[in-house]
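Have a look at the structure below, then the notes.
The values are calculated or read from the model by the stated rules, or taken from the named source; none is laboratory data. Treat the numbers as computed from the prediction; the structure is a model and nothing was measured. FYI the Cβ positions are ideal-geometry reconstructions off the backbone, even for glycines, and counts take in every protein chain you see. Note: areas computed on protein heavy atoms with side chains; ligands, DNA, RNA excluded. Shrake-Rupley method; radii C 1.70, N 1.55, O 1.52, S 1.80 Å.
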Amino acid sequence: MNADGPLLLALETSCDDTAAAVLRGGRVLSSVVAGQMEHAAWGGVVPEVASRAHQRAVVPVVQEALRQAGASASDLDAVAATYGPGLAGALLVGLSFAKAYAFGLGVPFVGVNHLEGHLYSAFLADTPPAFPFLTLTVSGGHTMLVLVDEGFRHTVLGRTRDDAAGEAFDKVAKLLGLGYPGGPVVDRLAHDGDPAFIRFPRTRLPGYDFSFSGIKTAVRYTLDPIHAHAPKPDRDALLGKHLPDVAASFQAAVVDMLLDPLERAMHDTGAQAVAVVGGVSANTGLRAAAEALCLKHGATLSIPPLRYCTDNAAMMGLAAQHRLAADGPSPLTLGVAPSLAL
Ligand code: KG4
Ligand code: ZN
(Lines give C-alpha, C1' and ligand atoms only; values in the text may rest on other atoms or scores of the structure.)
(Ligands and ions follow the chains in the order given, each with its own letter.)
Protein backbone atom coordinates (compact mmCIF):
# COMPACT_ATOMS: atom_id res chain seq x y z
CA MET A 1 0.00 0.00 0.00
CA ASN A 2 1.17 3.51 -0.89
CA ALA A 3 1.72 6.11 1.89
CA ASP A 4 -1.17 8.20 0.46
CA GLY A 5 -3.58 5.38 1.28
CA PRO A 6 -4.96 2.28 -0.42
CA LEU A 7 -5.68 2.22 -4.16
CA LEU A 8 -9.35 1.37 -4.35
CA LEU A 9 -11.68 0.45 -7.21
CA ALA A 10 -15.36 1.22 -6.53
CA LEU A 11 -18.39 0.09 -8.52
CA GLU A 12 -21.91 1.47 -8.52
CA THR A 13 -24.78 -0.30 -10.32
CA SER A 14 -27.80 0.32 -8.07
CA CYS A 15 -30.09 1.78 -10.74
CA ASP A 16 -29.51 2.81 -14.35
CA ASP A 17 -25.88 4.01 -14.35
CA THR A 18 -22.92 1.67 -14.61
CA ALA A 19 -20.11 3.46 -12.78
CA ALA A 20 -16.56 2.71 -11.70
CA ALA A 21 -13.97 4.92 -10.01
CA VAL A 22 -10.41 4.58 -8.78
CA LEU A 23 -9.35 6.46 -5.65
CA ARG A 24 -6.12 6.82 -3.73
CA GLY A 25 -6.86 7.99 -0.19
CA GLY A 26 -9.45 10.77 -0.53
CA ARG A 27 -8.30 11.62 -4.06
CA VAL A 28 -10.43 10.61 -7.05
CA LEU A 29 -8.09 9.40 -9.83
CA SER A 30 -10.88 8.51 -12.25
CA SER A 31 -14.66 8.36 -12.33
CA VAL A 32 -16.43 6.77 -15.29
CA VAL A 33 -20.22 6.60 -15.70
CA ALA A 34 -22.10 4.87 -18.51
CA GLY A 35 -25.76 5.94 -18.53
CA GLN A 36 -28.47 3.74 -19.99
CA MET A 37 -30.48 5.31 -22.80
CA GLU A 38 -32.55 2.12 -23.14
CA HIS A 39 -35.12 3.32 -20.58
CA ALA A 40 -36.26 6.55 -22.28
CA ALA A 41 -38.65 4.66 -24.58
CA TRP A 42 -40.43 3.21 -21.52
CA GLY A 43 -40.78 6.45 -19.56
CA GLY A 44 -38.96 5.01 -16.54
CA VAL A 45 -36.29 2.53 -15.49
CA VAL A 46 -37.12 -1.09 -16.43
CA PRO A 47 -35.28 -3.31 -13.90
CA GLU A 48 -34.53 -6.24 -16.20
CA VAL A 49 -33.33 -3.91 -18.96
CA ALA A 50 -31.06 -2.19 -16.40
CA SER A 51 -29.49 -5.49 -15.24
CA ARG A 52 -28.69 -6.55 -18.77
CA ALA A 53 -27.23 -3.17 -19.66
CA HIS A 54 -25.02 -3.28 -16.52
CA GLN A 55 -23.79 -6.68 -17.58
CA ARG A 56 -22.77 -5.36 -20.99
CA ALA A 57 -21.11 -2.24 -19.57
CA VAL A 58 -19.42 -3.36 -16.37
CA VAL A 59 -16.16 -4.73 -17.83
CA PRO A 60 -15.49 -1.84 -20.26
CA VAL A 61 -16.38 0.74 -17.58
CA VAL A 62 -13.95 -0.82 -15.07
CA GLN A 63 -11.23 -1.04 -17.71
CA GLU A 64 -11.74 2.61 -18.63
CA ALA A 65 -11.63 3.69 -14.95
CA LEU A 66 -8.33 1.84 -14.47
CA ARG A 67 -6.93 3.27 -17.72
CA GLN A 68 -7.83 6.86 -16.78
CA ALA A 69 -6.28 6.39 -13.34
CA GLY A 70 -3.09 5.02 -14.91
CA ALA A 71 -3.50 1.90 -12.78
CA SER A 72 -3.70 -1.80 -13.49
CA ALA A 73 -5.74 -4.39 -11.64
CA SER A 74 -2.66 -5.78 -9.89
CA ASP A 75 -2.04 -2.34 -8.26
CA LEU A 76 -5.41 -2.41 -6.45
CA ASP A 77 -5.49 -2.72 -2.65
CA ALA A 78 -9.29 -3.11 -2.35
CA VAL A 79 -12.47 -3.39 -4.41
CA ALA A 80 -15.81 -1.91 -3.31
CA ALA A 81 -19.37 -2.01 -4.63
CA THR A 82 -22.81 -0.73 -3.70
CA TYR A 83 -24.88 -3.53 -2.11
CA GLY A 84 -28.09 -1.52 -1.53
CA PRO A 85 -30.52 0.12 -1.68
CA GLY A 86 -31.51 -0.24 -5.32
CA LEU A 87 -32.78 -2.69 -7.92
CA ALA A 88 -31.81 -6.24 -6.91
CA GLY A 89 -30.78 -7.42 -10.38
CA ALA A 90 -28.86 -4.23 -11.07
CA LEU A 91 -27.02 -4.33 -7.71
CA LEU A 92 -26.13 -7.99 -8.29
CA VAL A 93 -24.06 -7.16 -11.37
CA GLY A 94 -21.71 -4.68 -9.64
CA LEU A 95 -21.62 -6.58 -6.35
CA SER A 96 -20.86 -9.95 -7.94
CA PHE A 97 -18.23 -8.39 -10.18
CA ALA A 98 -16.53 -6.66 -7.22
CA LYS A 99 -16.53 -9.77 -5.03
CA ALA A 100 -15.10 -11.94 -7.81
CA TYR A 101 -12.49 -9.30 -8.71
CA ALA A 102 -11.39 -8.85 -5.10
CA PHE A 103 -11.27 -12.62 -4.57
CA GLY A 104 -9.25 -13.11 -7.76
CA LEU A 105 -6.79 -10.36 -6.82
CA GLY A 106 -6.58 -11.51 -3.20
CA VAL A 107 -7.52 -8.06 -1.85
CA PRO A 108 -10.26 -6.94 0.58
CA PHE A 109 -13.81 -6.44 -0.66
CA VAL A 110 -16.06 -3.70 0.81
CA GLY A 111 -19.84 -3.43 0.41
CA VAL A 112 -21.19 0.13 0.61
CA ASN A 113 -24.60 1.68 1.23
CA HIS A 114 -25.61 3.84 -1.75
CA LEU A 115 -27.09 6.50 0.55
CA GLU A 116 -23.84 6.75 2.47
CA GLY A 117 -22.17 7.37 -0.89
CA HIS A 118 -24.47 10.33 -1.57
CA LEU A 119 -23.60 11.73 1.90
CA TYR A 120 -19.88 11.44 1.14
CA SER A 121 -20.33 13.22 -2.20
CA ALA A 122 -20.54 16.44 -0.15
CA PHE A 123 -16.75 16.12 0.23
CA LEU A 124 -16.35 16.27 -3.54
CA ALA A 125 -17.72 19.84 -3.57
CA ASP A 126 -15.20 22.63 -4.26
CA THR A 127 -15.84 23.85 -0.73
CA PRO A 128 -16.63 20.79 1.43
CA PRO A 129 -18.90 21.37 4.45
CA ALA A 130 -17.54 21.68 7.98
CA PHE A 131 -18.95 19.39 10.70
CA PRO A 132 -21.69 19.28 11.81
CA PHE A 133 -23.61 19.70 8.60
CA LEU A 134 -27.08 19.01 7.24
CA THR A 135 -27.33 17.06 4.00
CA LEU A 136 -30.38 17.23 1.80
CA THR A 137 -30.20 14.19 -0.49
CA VAL A 138 -32.55 14.68 -3.42
CA SER A 139 -32.47 12.13 -6.22
CA GLY A 140 -34.73 10.06 -8.43
CA GLY A 141 -34.97 7.36 -5.78
CA HIS A 142 -34.39 9.14 -2.47
CA THR A 143 -35.22 12.26 -0.50
CA MET A 144 -33.82 12.60 2.97
CA LEU A 145 -32.47 15.10 5.45
CA VAL A 146 -29.48 13.91 7.48
CA LEU A 147 -27.40 15.53 10.20
CA VAL A 148 -23.74 14.53 9.88
CA ASP A 149 -21.50 14.92 12.92
CA GLU A 150 -17.74 14.77 13.37
CA GLY A 151 -16.45 11.26 12.62
CA PHE A 152 -19.24 10.85 10.10
CA ARG A 153 -21.84 9.76 12.62
CA HIS A 154 -25.16 10.53 11.02
CA THR A 155 -28.73 10.94 12.16
CA VAL A 156 -31.58 10.71 9.67
CA LEU A 157 -33.88 13.60 10.56
CA GLY A 158 -36.45 13.16 7.81
CA ARG A 159 -37.27 11.19 4.71
CA THR A 160 -40.00 11.09 2.10
CA ARG A 161 -43.13 9.21 2.99
CA ASP A 162 -43.99 8.51 -0.66
CA ASP A 163 -42.29 9.73 -3.83
CA ALA A 164 -38.72 10.99 -4.05
CA ALA A 165 -38.32 14.58 -5.25
CA GLY A 166 -36.82 13.47 -8.57
CA GLU A 167 -39.61 10.94 -9.01
CA ALA A 168 -42.16 13.76 -8.54
CA PHE A 169 -40.37 15.80 -11.22
CA ASP A 170 -40.34 12.80 -13.58
CA LYS A 171 -43.97 11.87 -12.99
CA VAL A 172 -45.25 15.43 -13.36
CA ALA A 173 -43.15 15.80 -16.52
CA LYS A 174 -44.93 12.72 -17.85
CA LEU A 175 -48.34 14.25 -17.00
CA LEU A 176 -47.29 17.37 -18.89
CA GLY A 177 -46.31 15.28 -21.91
CA LEU A 178 -42.58 15.89 -21.51
CA GLY A 179 -39.82 13.29 -21.92
CA TYR A 180 -37.97 11.11 -19.39
CA PRO A 181 -36.15 11.93 -17.20
CA GLY A 182 -38.35 14.99 -16.91
CA GLY A 183 -36.54 16.91 -14.16
CA PRO A 184 -34.14 18.78 -16.46
CA VAL A 185 -36.97 19.57 -18.92
CA VAL A 186 -39.23 20.97 -16.18
CA ASP A 187 -36.28 23.01 -14.91
CA ARG A 188 -35.61 24.50 -18.37
CA LEU A 189 -39.29 25.32 -18.93
CA ALA A 190 -39.68 26.78 -15.43
CA HIS A 191 -36.95 29.25 -16.24
CA ASP A 192 -39.33 31.11 -18.56
CA GLY A 193 -42.46 30.61 -16.48
CA ASP A 194 -44.33 32.43 -13.72
CA PRO A 195 -44.01 30.52 -10.41
CA ALA A 196 -47.09 32.34 -9.09
CA PHE A 197 -49.32 31.26 -12.00
CA ILE A 198 -50.89 28.46 -9.93
CA ARG A 199 -50.48 28.26 -6.16
CA PHE A 200 -50.11 24.49 -5.73
CA PRO A 201 -50.61 23.22 -2.16
CA ARG A 202 -47.46 22.69 -0.07
CA THR A 203 -47.51 19.56 2.10
CA ARG A 204 -46.04 20.19 5.52
CA LEU A 205 -45.57 17.24 7.85
CA PRO A 206 -44.67 17.21 11.53
CA GLY A 207 -40.94 16.70 12.05
CA TYR A 208 -38.76 16.86 8.97
CA ASP A 209 -40.44 14.33 6.68
CA PHE A 210 -41.35 15.07 3.07
CA SER A 211 -44.30 14.08 0.87
CA PHE A 212 -44.75 14.69 -2.82
CA SER A 213 -47.82 12.64 -3.69
CA GLY A 214 -50.14 15.60 -3.05
CA ILE A 215 -48.42 17.94 -5.47
CA LYS A 216 -48.47 15.24 -8.15
CA THR A 217 -52.22 14.81 -7.69
CA ALA A 218 -52.72 18.59 -7.63
CA VAL A 219 -51.01 18.96 -11.02
CA ARG A 220 -53.04 16.09 -12.41
CA TYR A 221 -56.37 17.55 -11.28
CA THR A 222 -55.41 20.96 -12.60
CA LEU A 223 -55.23 19.38 -16.04
CA ASP A 224 -58.18 16.98 -15.63
CA PRO A 225 -60.61 17.87 -12.79
CA ILE A 226 -62.39 14.79 -11.45
CA HIS A 227 -65.61 16.54 -10.41
CA ALA A 228 -68.12 16.97 -13.21
CA HIS A 229 -69.09 20.40 -11.85
CA ALA A 230 -65.51 21.67 -11.74
CA PRO A 231 -64.73 24.28 -14.37
CA LYS A 232 -63.11 22.57 -17.28
CA PRO A 233 -59.67 24.03 -17.81
CA ASP A 234 -58.56 24.81 -21.27
CA ARG A 235 -56.11 21.91 -21.43
CA ASP A 236 -54.65 23.11 -24.70
CA ALA A 237 -54.01 26.57 -23.28
CA LEU A 238 -52.47 25.10 -20.10
CA LEU A 239 -50.20 22.72 -21.95
CA GLY A 240 -49.56 25.07 -24.86
CA LYS A 241 -49.36 28.71 -23.86
CA HIS A 242 -48.91 28.17 -20.12
CA LEU A 243 -46.65 25.11 -19.98
CA PRO A 244 -43.68 27.12 -18.62
CA ASP A 245 -46.00 28.72 -16.01
CA VAL A 246 -47.30 25.31 -14.86
CA ALA A 247 -43.73 23.96 -14.72
CA ALA A 248 -42.52 27.01 -12.74
CA SER A 249 -45.47 26.78 -10.33
CA PHE A 250 -44.84 23.07 -9.73
CA GLN A 251 -41.09 23.58 -9.28
CA ALA A 252 -41.65 26.45 -6.83
CA ALA A 253 -43.89 24.21 -4.71
CA VAL A 254 -41.34 21.35 -4.68
CA VAL A 255 -38.52 23.73 -3.76
CA ASP A 256 -40.59 25.15 -0.88
CA MET A 257 -41.39 21.64 0.36
CA LEU A 258 -37.72 20.67 0.29
CA LEU A 259 -36.39 23.79 1.95
CA ASP A 260 -39.03 24.20 4.65
CA PRO A 261 -37.88 21.13 6.68
CA LEU A 262 -34.25 22.09 5.96
CA GLU A 263 -34.75 25.57 7.37
CA ARG A 264 -36.46 24.20 10.47
CA ALA A 265 -33.61 21.70 10.95
CA MET A 266 -31.03 24.50 10.57
CA HIS A 267 -32.84 26.39 13.26
CA ASP A 268 -33.29 23.39 15.58
CA THR A 269 -29.80 21.87 15.26
CA GLY A 270 -27.82 25.08 14.92
CA ALA A 271 -25.84 23.52 12.04
CA GLN A 272 -24.01 26.22 10.10
CA ALA A 273 -23.21 24.12 7.04
CA VAL A 274 -25.54 22.61 4.46
CA ALA A 275 -24.89 20.21 1.58
CA VAL A 276 -27.36 19.49 -1.21
CA VAL A 277 -26.58 16.26 -3.10
CA GLY A 278 -28.27 13.88 -5.55
CA GLY A 279 -29.48 14.42 -9.12
CA VAL A 280 -32.15 17.00 -8.23
CA SER A 281 -29.46 19.32 -6.83
CA ALA A 282 -28.93 20.22 -10.51
CA ASN A 283 -32.24 22.09 -10.35
CA THR A 284 -31.58 25.78 -10.84
CA GLY A 285 -34.61 26.84 -8.77
CA LEU A 286 -33.51 24.66 -5.85
CA ARG A 287 -29.92 25.92 -6.07
CA ALA A 288 -30.95 29.57 -6.07
CA ALA A 289 -33.38 29.10 -3.18
CA ALA A 290 -30.87 27.05 -1.14
CA GLU A 291 -28.25 29.76 -1.67
CA ALA A 292 -30.68 32.44 -0.51
CA LEU A 293 -31.64 30.35 2.54
CA CYS A 294 -28.03 29.78 3.58
CA LEU A 295 -27.19 33.43 3.04
CA LYS A 296 -30.13 34.41 5.25
CA HIS A 297 -28.86 32.13 8.06
CA GLY A 298 -25.13 32.85 7.59
CA ALA A 299 -24.57 29.17 6.73
CA THR A 300 -22.28 27.69 4.08
CA LEU A 301 -23.72 25.76 1.14
CA SER A 302 -21.85 22.89 -0.54
CA ILE A 303 -23.15 21.41 -3.78
CA PRO A 304 -20.81 18.94 -5.51
CA PRO A 305 -20.20 19.25 -9.26
CA LEU A 306 -23.08 17.66 -11.18
CA ARG A 307 -21.05 14.56 -12.13
CA TYR A 308 -20.78 13.75 -8.41
CA CYS A 309 -24.42 14.65 -7.65
CA THR A 310 -25.93 12.11 -10.02
CA ASP A 311 -25.08 8.46 -9.38
CA ASN A 312 -21.34 7.84 -9.62
CA ALA A 313 -18.72 5.52 -8.14
CA ALA A 314 -16.36 8.23 -6.81
CA MET A 315 -18.75 8.97 -3.92
CA MET A 316 -19.07 5.22 -3.28
CA GLY A 317 -15.27 4.98 -3.18
CA LEU A 318 -15.05 7.70 -0.51
CA ALA A 319 -17.66 5.92 1.59
CA ALA A 320 -15.86 2.60 1.04
CA GLN A 321 -12.55 3.99 2.30
CA HIS A 322 -14.24 5.19 5.44
CA ARG A 323 -15.97 1.80 5.93
CA LEU A 324 -12.75 -0.12 5.30
CA ALA A 325 -10.81 1.98 7.82
CA ALA A 326 -13.59 1.86 10.44
CA ASP A 327 -14.97 -1.70 10.10
CA GLY A 328 -12.55 -3.63 7.88
CA PRO A 329 -13.52 -5.69 4.82
CA SER A 330 -16.99 -7.12 4.20
CA PRO A 331 -17.51 -10.90 3.92
CA LEU A 332 -17.73 -12.34 0.41
CA THR A 333 -21.09 -13.77 1.47
CA LEU A 334 -22.57 -10.23 1.53
CA GLY A 335 -25.70 -10.23 -0.63
CA VAL A 336 -27.68 -7.41 -2.22
CA ALA A 337 -29.97 -5.41 0.08
CA PRO A 338 -32.53 -3.70 -2.18
CA SER A 339 -34.32 -1.96 0.73
CA LEU A 340 -31.25 -1.04 2.78
CA ALA A 341 -31.82 2.08 4.89
CA LEU A 342 -29.23 4.65 5.90
O1 KG4 B 1 -29.17 11.02 -8.42
P2 KG4 B 1 -29.80 10.62 -9.70
O3 KG4 B 1 -28.95 10.61 -10.94
O4 KG4 B 1 -30.39 9.18 -9.63
C5 KG4 B 1 -30.86 8.56 -8.50
O6 KG4 B 1 -30.07 8.12 -7.64
O7 KG4 B 1 -32.09 8.45 -8.41
O8 KG4 B 1 -31.06 11.58 -9.92
C9 KG4 B 1 -31.86 11.51 -11.07
C10 KG4 B 1 -33.08 12.37 -10.82
C11 KG4 B 1 -34.15 12.21 -11.89
O12 KG4 B 1 -35.39 12.04 -11.24
C13 KG4 B 1 -34.09 13.53 -12.65
O14 KG4 B 1 -35.32 13.92 -13.20
C15 KG4 B 1 -33.65 14.48 -11.56
O16 KG4 B 1 -32.71 13.76 -10.81
N17 KG4 B 1 -33.06 15.71 -12.09
C18 KG4 B 1 -33.59 16.93 -11.95
C19 KG4 B 1 -32.75 17.83 -12.63
N20 KG4 B 1 -31.70 17.13 -13.15
C21 KG4 B 1 -31.90 15.82 -12.80
N22 KG4 B 1 -34.71 17.33 -11.33
C23 KG4 B 1 -35.00 18.64 -11.36
N24 KG4 B 1 -34.25 19.56 -12.01
C25 KG4 B 1 -33.12 19.21 -12.65
N26 KG4 B 1 -32.38 20.12 -13.28
ZN1 ZN C 1 -28.47 7.80 -6.06
Exercise for review: Quickly run through region 76-88 and pick out the residues that are in a strand (DSSP E or B) and under 18 Å from the mean Cα position of the chain (by Cα).
Suggested key: 81, 82, 83, 84
**Study point:** Residue that is farthest from ligand 1 (Cβ to nearest atom) [pool: residues in region 1-41 that are without any contact (Cβ under 8 Å) to a residue 12 or more places away in the chain and closer than 23 Å to residue 169 by Cα]
**Key:** 41
Study note, to complete from the structure: The number of residues in region 96-136 that are within 16 Å of ligand 1 (Cβ to nearest atom) and either surrounded by fewer than 18 Cβ atoms within 10 Å (Cβ to Cβ) or of a type outside the set (S, T, N, Q) (or both) is 12
Practice item. Any chance you could count how many residues in region 187-198 are open to solvent by 40 Å² or more (accessible area, probe 1.4 Å) and either assigned to a loop (DSSP other than H, G, I, E, B) or in contact with a strand residue (DSSP E or B) (Cβ under 7 Å, 6 or more places away or on another chain) (or both)? Key: 6
Study note, to complete from the structure: Note: among 190, 165, just one is within 14 Å of ligand 2 (Cβ to nearest atom) and touching a residue at least 40 places away in the same chain (Cβ under 8 Å), namely 165
Exercise for review: List every residue pair whose Cβ atoms lie under 6 Å apart, where the two residues are 6 or more positions apart in sequence or sit on different chains, the first residue falls within region 124-147 and is under 19 Å from residue 163 (Cβ atoms), and the second residue, located anywhere, is of a type in the set (Phe, Trp, Tyr).
Suggested key: 143/210; 145/208
Exercise for review: Taking the residues in region 35-75 that are of a type in the set (S, T, N, Q) and in a helix (DSSP H, G or I) as candidates, determine which candidate is nearest to residue 183 (Cα to Cα).
Suggested key: 51
Practice item. Those residues that are assigned to a loop (DSSP other than H, G, I, E, B) and among the aliphatic types (A, V, I, L, M), I need them from region 108-136; list them, please. Key: 125, 130
Study note, to complete from the structure: When restricted to 201, 184, 206, the only residue outside the structural domain of residue 116 (by TED's automatic domain parsing) and either within 15 Å of ligand 1 (Cβ to nearest atom) or open to solvent by less than 40 Å² (accessible area, probe 1.4 Å) (or both) is 184
Revision key, fill the gap. Looking across region 243-281 at residues that are more than 27 Å from residue 184 (Cβ to Cβ) and not hydrophobic (A, V, I, L, M, F, W, C), the single one that is most open to solvent (accessible area, probe 1.4 Å) is 267
Exercise for review: Could you tell me whether region 318-331 includes any residue that is touching a Gly at 6+ places or on another chain (Cβ under 8 Å) and within 15 Å of ligand 2 (Cβ to nearest atom)?
Suggested key: yes
Exercise for review: Pull up region 282-309, narrow it to residues that are open to solvent by 40 Å² or more (accessible area, probe 1.4 Å) and within 16 Å of ligand 1 (Cβ to nearest atom), then point me to the one that is farthest from residue 259 (Cα to Cα).
Suggested key: 307
